[in-house]
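Single-structure report; data block below.
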Amino acid sequence: CVVVLSANYRAPLGGGNWEWLGRVGLRYASKEYLHDDAMNIAYLPAYTIFNGSLTFRNENLTISLFGNNLTDDDTPRGVSLGTDNNLTPVRDGYAIMPRIPRELGARLIYQF
């Protein structure tokens, strides 16, 4: 089960030509059993990811502050069984795709 929710809000800022925008997002995924495990023993646990941004803009300038994975959830994005043919003897193993850690940043865009 995957649930994705997002909310956006936009409003004028002061009496000038500025406006501000706020955005929040949530992604929840329930426990997921690995496809390569026929006995359904191995699974990825449930996770919740929060993202958000705050933007100020006028006709020429956009200033954004953003955050992704604000709770710094480190649940792997996926795990798959693979074979490494470069080794002798050939070995099977699991490939783990890590989740991108918390990311905070700012953007400045000037249009002319």
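Quick notes
- I41 under 27 Å from P12 (Cβ atoms), open to solvent by 50 Å² or more (accessible area, probe 1.4 Å), of a type outside the set (K, R) and free of Cβ contacts under 8 Å to residues at least 60 places away in the same chain: no
Okay, residues lined up against (1) touching a Pro at 6+ places or on another chain (Cβ under 6 Å); (2) at pLDDT below 95; (3) among the hydroxyl-bearing types (S, T, Y):
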position: A11; (1), (2), (3): no, no, no
position: E19; (1), (2), (3): yes, no, no
position: Y28; (1), (2), (3): no, no, yes
position: D37; (1), (2), (3): no, yes, no
position: I41; (1), (2), (3): no, yes, no
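- One residue from D92, D84, D73 being more than 25 Å from the chain's Cα centre (by Cα), more than 17 Å from A42 (Cα to Cα) and of a type in the set (D, E): D84
- For the stretch 57-74, the criterion of being closer than 14 Å to R102 by Cα, open to solvent by less than 80 Å² (accessible area, probe 1.4 Å), in a strand (DSSP E or B) and not small (G, A, S) is satisfied by at least one residue.
- Yes/no for L104 being touching a strand residue (DSSP E or B) at 6+ places or on another chain (Cβ under 8 Å), in a loop (DSSP other than H, G, I, E, B) and either within 30 Å of P12 (Cα to Cα) or open to solvent by 70 Å² or more (accessible area, probe 1.4 Å) (or both): no
- Single residue of L21, L54 found to be in contact with a Ser or Thr (Cβ under 6 Å, 6 or more places away or on another chain) and within 30 Å of F112 (Cα to Cα): L21
The values are calculated or read from the model by the stated rules, or taken from the named source; none is laboratory data. Keep in mind that this is a model prediction, so the values were computed, not measured. Positions of Cβ are generated from backbone atoms using ideal geometry, with glycine treated the same way; all protein chains shown enter the neighbour counts. When the accessible area is computed, the model is the full protein with side chains, heavy atoms only, and any ligands, DNA or RNA have been set aside. Shrake-Rupley method; radii C 1.70, N 1.55, O 1.52, S 1.80 Å.
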